[in-house]
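The values are calculated or read from the model by the stated rules, or taken from the named source; none is laboratory data. Keep in mind the model is a prediction, meaning the values are calculated, not measured. Heads up, the Cβs are rebuilt from the backbone with ideal geometry, glycines too, and the neighbour counts pull from every protein chain shown. These area figures cover heavy atoms from the full protein model, side chains too; ligands, DNA and RNA do not enter into them. Shrake-Rupley method; radii C 1.70, N 1.55, O 1.52, S 1.80 Å.
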Amino acid sequence: MNLCVADIRRSAFEFIEGIERHSTTGEIMDAMEALLKKHGFEYHCVSFLATATETLEDVLLSNRLPEEWLKLYIEREYVHDDPAFRYAKTVVRPFRWFKEAPYNPEREPRAAEVVQRAGDFGILDGFVIPVVSTAGRMGQMWFGGRTLDLPEHQLPALHLMAIYAFDRILKLHCSPAQSRASLTPREREILTLVANGKSTWDIGEALHISSRTVKEHIKHLCRKLGAVTRTQAVMIAVRDKIIQP
């Protein structure tokens, strides 16, 4: 049975509020999987996005994958042919693993091989959550299984949990954090309203300013936070405790 949006959001914030109590990566991932298990999630993989010279072992932070699949993935160096890894470098929102990551099976036989061999190990579906990490580079959290049932309206909550989980894992791995951006009171006010689902028009009406002014504030705060979209700006600001929706 699917939970309502309010319940999903509450679960996400309860997870975030308790994340500092987790002292190991395993505990963090166990807490996330407890929330996601009901939707069919069986496996996970947490890593930075590999550069051209890095292997999966170089960037892997946590995984709960079939042992033989992980061994094969590393031996075959699939990280450079995996459509999902490649697509995660170009987007900021969660997406469906393989189903939404574009590749041409005829021109990219290695990419097609990744998809086929993953299926051989029961990994048939999944979600990739791109993360802008405090270490100054992109990361990703992948959750998958045989059959998943996660409504679209729950993806923002999953994205929010992933950002906090990734940040906590980095701290446990002693990765250095970047300095945090400083927003003006008005920018924080606007971003808080964005986080609560308000449209540009709604925000303008609530603050008695024009929609054009709202858009300008959002453009400036996105630049300060290093965000591409307003959604990403919300994720970064909540992660860094700049706002509290």
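Summary of computed values
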item	result
Failed item in (1) out of contact with any helix residue (DSSP H, G or I) (no Cβ under 7 Å at 6 or more places or on another chain); (2) crowded, with 18+ Cβ neighbours inside 10 Å; (3) outside any helix (DSSP H, G or I), with T192 passing the rest	(3)
Where T134 falls short, out of the listed (1) crowded, with 18+ Cβ neighbours inside 10 Å; (2) at pLDDT below 90; (3) farther than 23 Å from E57 by Cα; (4) of a type in the set (S, T, Y)	(3)
Checklist (1) within 20 Å of R110 (Cβ to Cβ); (2) open to solvent by less than 20 Å² (accessible area, probe 1.4 Å); (3) out of contact with any Phe, Trp or Tyr (no Cβ under 7 Å at 6 or more places or on another chain) applied to D58, failing item	(2)
Residue within the stretch 17-37 that is open to solvent by 70 Å² or more (accessible area, probe 1.4 Å) and in contact (Cβ under 8 Å) with a residue 40 or more places away in the chain present	yes
Out of L56, L35, sole residue that is among the aliphatic types (A, V, I, L, M) and either at positive phi or modelled with pLDDT under 85 (or both)	L35
Condition met for A84 (open to solvent by less than 30 Å² (accessible area, probe 1.4 Å), modelled with pLDDT of 90 or more and within 21 Å of T231 (Cβ to Cβ))	yes
Residue check, E100 under 19 Å from H153 (Cβ atoms), of a type in the set (D, E), at pLDDT 90 or above and open to solvent by 40 Å² or more (accessible area, probe 1.4 Å)	yes
